[in-house]
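J.: Quick one: the structure is below, questions incoming.
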Amino acid sequence: EERGSRGRGGKEERGEGEERRKEEGCGDCHFCRDMKKFGGPGRMKQSCLLRQCTAPVLPHTAVCLLCGEAGKEDTVEGEEEKFGLSLMECTICNEIVHPGCLKVIALGTLELDCQGVKGGRERHLKKKPKPPLASAEGPAVPSPSPQREKLERFKRMCQLLERVPDTSSSSSDSDSDSDSSGTSLSEDEAPGEARNGRRPARGSSGEKENRGGRRAVRPGSGGPLLSWPLGPAPPPRPPQLGQSPEPDTLPLAAGSDHPLPRAAWLRVFQHLGPRELCICMRVCRTWSRWCYDKRLWPRMDLSRRKSLTPPMLSGVVRRQPRALDLSWTGVSKKQLMWLLNRLQGLQELVLSGCSWLSVSALGSAPLPALRLLDLRWIEDVKDSQLRELLLPPPDTKPGQTESRGRLQGVAELRLAGLELTDASLRLLLRHAPQLSALDLSHCAHVGDPSVHLLTAPTSPLRETLVHLNLAGCHRLTDHCLPLFRRCPRLRRLDLRSCRQLSPEACARLAAAGPPGPFRCPEEKLLLKDS
């Protein structure tokens, strides 16, 4: 009895373990390996294969698109009749119909391009084979098999993708070939009709030539299905703009043009502010198009707004500013990612006061031209999140030895008010080596060891730092002041509001200086004239 009870208990525990494994994920499929809880990047956003439905069914409210009635397969007994009255959904066009309604509409000559009805019942939707027709030049040829029809449909699709205008030389050859292939075309379908019941376009006789100059012969005519090698891919077409090019002159009501050209008007518009430019855009259509020039919008300020609407986002993308201020704005992660993917020339980005949920969009948006990044006073930011921002992206190419960080080209970085530790500072020195201005003010964890890391002989910022802001860092003491003499290019050092720093020690540092003396316009503020 004890063994039996143990066996039943073990079986129940195994069942509970399988259910728990279904709920949490198997951890072995490629969707589970992509999840963050299993160590993946978390980009597919798909559930585990054990949790996915393997037998999907239509909803109870589904009706036929053609007749408007629900499934009536319960009213008949035969298998063919049940299939004709049951609802089927196409996996390509997602339309729900009765197969019987399709047959009635097509009058017995049904031929569909999308053969994707669920359940593997495509054989009921195929056209009934016609008896072979006898040609005038030879005996009757049997109709092609379904596999041949699929290959033929694939061949026609390839010809549509690679169709080019016929030249005069190829047209003469095609006329002679069309006479010989006319018999094989008449054996499969009626003249003037395509296989799907549509008539061919005018001027199309037989099969078109592919890009390589050889003909793709139809199955049943004695030739190959596709000629190899195929021709080269067509060159990409230039992008089609949605509007005509901007006019160079301003048309007047009298029919003539204004004597000032567009370049002169743009020089006038450069002296106007954003409000005046918006007023000028209401004057006429030409001015409205001219005022969208990106040279007139070097900087856009959308700070301190509760939310950003889609017209505001599209207006920013259309103007292509070099500097964008979104500080203390309720921008979402999706909106910020949409903006950054369309502003490849952005050089300055201000996100101070935003939440980390929105700022995390920087981890998946490429910003090759970024030079200034302001992340001051970001909410709910931790050392691990800063590590995620500073580290290079994990999906590097196989065999790539050089890992380039996201802040590799940034020259000015503002991290005031963040919980920056020495570990994050080491990553910052490694993946942002071109910093010339660094703001670490009011960082509670910055102290004398942090200054030693910044001015160490192995630090790349030792030779590049010009401006350093350490105001409000209460862990700094007088022992770290001689370390600043290692930075020869330092021009501005802000040590205000540091409680443990004495004014006398700051005065001695100002008198000595790295290569020359500093001047102190305020207490604990050291400046040097360039």
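A short reminder: the numbers here are calculations on the coordinates, not readings from a lab. Predicted, not measured: the structure shown is a model, and the values here were computed from it. FYI the Cβ positions are ideal-geometry reconstructions off the backbone, even for glycines, and counts take in every protein chain you see.
J.: When only Cα pairs under 8 Å and 6 or more residues apart are kept, what is the percent relative contact order across region 262-338?
T.: 28
J.: Same structure, new question: Once amide H atoms are built 1.01 Å from N in the peptide plane, which residues 5 or more positions from residue 70, or in another chain, come under 5 Å H to H?
T.: Correct list: 64.
J.: Still on this structure, please answer the following. Could you pull out every residue, at least 5 positions away or on a different chain, whose amide H is within less than 5 Å of the one on residue 420? Hs are placed 1.01 Å off N in the peptide plane, and Pro or chain starts have none.
T.: 444, 445
J.: Could you check what % of the DSSP bridge pairs in region 393-530 are antiparallel, to the nearest 5?
T.: Counting DSSP beta bridges with both partners in region 393-530, the antiparallel share is about 35 percent.
J.: Suppose every K and R has +1 on its Cβ and every D and E has -1 on its Cβ; what is the size of the dipole of region 317-378 about the Cα centre, in Debye to the nearest 20?
T.: Here the size comes out at about 220 debye.
J.: Separate question: Would you please give the residues with an amide H less than 5 Å from that of residue 477, counting only those at least 5 places away or on a separate chain, with H modeled from the backbone geometry?
T.: Amide H to amide H, under 5 Å and 5 or more residues apart or across chains, residue 477 pairs with 448.
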